[in-house]
Amino acid sequence: MRRYYIALLSLFLLVFQGMAMSLLPANLVYSDLLITPHWVLVLLLLTAIFYDREDTYVAVVYAIIFGLLIDVVYTGILGVYMITYTLIAYTIFRMNKWLVSNFLGTFLLVVIGIVLADTMLYMVYSFVQVTEMTWGEYALFRLLPTLAANMIFFVVLYPLVKGKLEKWSSER
């Protein structure tokens, strides 16, 4: 039953990440910076780190589901977010063994996850010619602002969900 709380929270974040840009100041929204909120991914990475055990793949399953939902709702190409989020959730799930699951280790894993996911999305969209940004433009105007914004969200979300995810994991 507890894993459904994760799904409900993911659904809540999916809805609100679409409205995230309207929460920012207008001078930031209409600047050259492109910020992509990956709030669902941040929650899925926290789930992979604090909820999943060696034999469970809840974060990976939810990455498939919510990645597909993001594709349907926000993008025109089906499967891009689904595959990207799934690969990143699995990768971070496996990398979690290498680091201690404290704030700093989790912060590092989420940074790696966000950078890998956004870079994979950029590469796919460049390949299918949806975007024509150069690598330097992408890194400066999209990757760094996206990483900064999502890490601010991580710092807010981490203390709210870490204890709950660990508690729900131990109750299974």
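Read-outs throughout are calculated quantities, based only on the coordinates presented, and are distinct from any laboratory measurement. Just so it is clear, the model here is predicted, and its values are computed rather than measured. Glycine gets a Cβ as well: all are built from the backbone with ideal geometry, and neighbour counts include every protein chain shown.
Odds and ends about this structure:
- Across region 61-74, rounded Karplus estimates of 3J(HN,Hα) from the backbone phi angles (6.51 cos²θ - 1.76 cosθ + 1.60, θ = phi - 60°) give 5, 5, 5, 5, 5, 6, x, 5, 4, 5, 4, 5, 7, 10 Hz, Gly and Pro being marked x.
- Computed on the chain, with alpha-carbon pairs under 8 angstrom and 6+ residues apart, the relative contact order is 28 percent.
- Longest segment of the chain lacking GluC sites (Glu not before Pro) that sit in a DSSP loop with at most 16 other Cβ atoms within 10 Å: 55-131
- Helix content alone sets the calculated 222 nm mean residue ellipticity of the chain: runs of n ≥ 4 DSSP H residues at -39500 (n - 2.57) each, divided across all residues, give -24000 deg cm²/dmol.
- Neighbour-limited loop hits for chymotrypsin sites (Phe, Trp or Tyr not before Pro), region 81-172 (at most 13 other Cβ within 10 Å; DSSP other than H, G, I, E, B): TRP98
- Nearest-ten-degree value, helix 2-18 long axis tilted from longest Cα axis of the chain: 10 degrees
- Shape metrics for the chain, restricted to C-alpha atoms - Rg then Dmax, Å: 15.7, 48
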